[in-house]
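Each remark here refers to the structure printed beneath this line.
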Amino acid sequence: ILNEAMSKQAALPEEHPSRIFYQSVIETYNAIRIYILRLSAQAQKMADLYPEYKCRMNQLTNALQNLADNAPSTFYEALQLSYIFHQLIEYEGEYVRSMGSFERNFGHFYEEDLRNGSRLGSYSFPL
């Protein structure tokens with residue numbers, strides 16, 4: 001998304017009004033990236049403070065680190081990014097409650113994790 005917005009903005013003349021839109025996409029994307037990295041740093045602190053949750057917090061830290069710069073690649077990451085996005089919509093004041101069709105949004109991540117033999121943890125029950 002970021003690269004696409006940057007290239008589309010760069011292709012426009014300096015005075016084109018759509019440059020403002022692409023600049024807002026770039027700034028929003030970068031702000032979300034910083035937010036995700038802050039969440040990752042906090043998860044790492046929680047892993048250190050609460051050894052009984054270290055494994056779970058390390059998994060969260062790794063997922064957030066990946067999501068800061070990449071699309072989700074696992075069911076866990078897809079769920080995590082969806083939750084973050086949902087929270088960010090709430091911060092904006094849009095009070096949108098629907099997260100869409102669960103199977104359509106997450107089914108392929110879940111199935112791919114099952115095919116790869118990924119350790120799904122406590123959420124590996126049949127959905």
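Brief remarks follow.
- Condition met for Arg56 (more than 16 Å from the chain's Cα centre (by Cα) and surrounded by 14 or more Cβ atoms within 10 Å (Cβ to Cβ)): yes
- Asn62, sole failed condition from (1) open to solvent by less than 50 Å² (accessible area, probe 1.4 Å); (2) closer than 26 Å to Glu112 by Cβ; (3) at pLDDT 95 or above: (1)
- Residues that are hydroxyl-bearing (Ser, Thr, Tyr), crowded, with 16+ Cβ neighbours inside 10 Å and over 30 Å from Asn58 (Cβ atoms) within the stretch 1-45 comprise just one, Tyr22.
- Residues in the stretch 101-127 that are modelled with pLDDT of 75 or more, small (Gly, Ala, Ser) and loosely packed, with under 10 Cβ neighbours inside 10 Å: Ser101, Gly117.
- Selection within the stretch 1-40 - without any contact (Cβ under 8 Å) to a residue 12 or more places away in the chain and under 19 Å from Leu88 (Cβ atoms): Phe21, Ser24, Glu27, Thr28, Ala31, Ile34, Arg38
- When every residue of the stretch 46-53 is checked against the conditions, none turns out to be of a type in the set (D, E, K, R), modelled with pLDDT of 90 or more and open to solvent by less than 90 Å² (accessible area, probe 1.4 Å).
- With respect to the conditions (1) in contact with a Leu (Cβ under 6 Å, 6 or more places away or on another chain); (2) among the hydrophobic types (A, V, I, L, M, F, W, C); (3) buried (at least 17 other Cβ atoms within 10 Å of the Cβ), Ala78 falls short on a single one, namely (1).
The values are calculated or read from the model by the stated rules, or taken from the named source; none is laboratory data. None of the values given here were measured: they were computed from a predicted structure. A quick note on method: Cβ atoms are made from the backbone with ideal geometry, for glycine too, and the neighbour counts reach across all protein chains shown. Heads up: the accessible areas ignore ligands, DNA and RNA and are worked out on the full protein's heavy atoms, side chains in. Shrake-Rupley method; radii C 1.70, N 1.55, O 1.52, S 1.80 Å.
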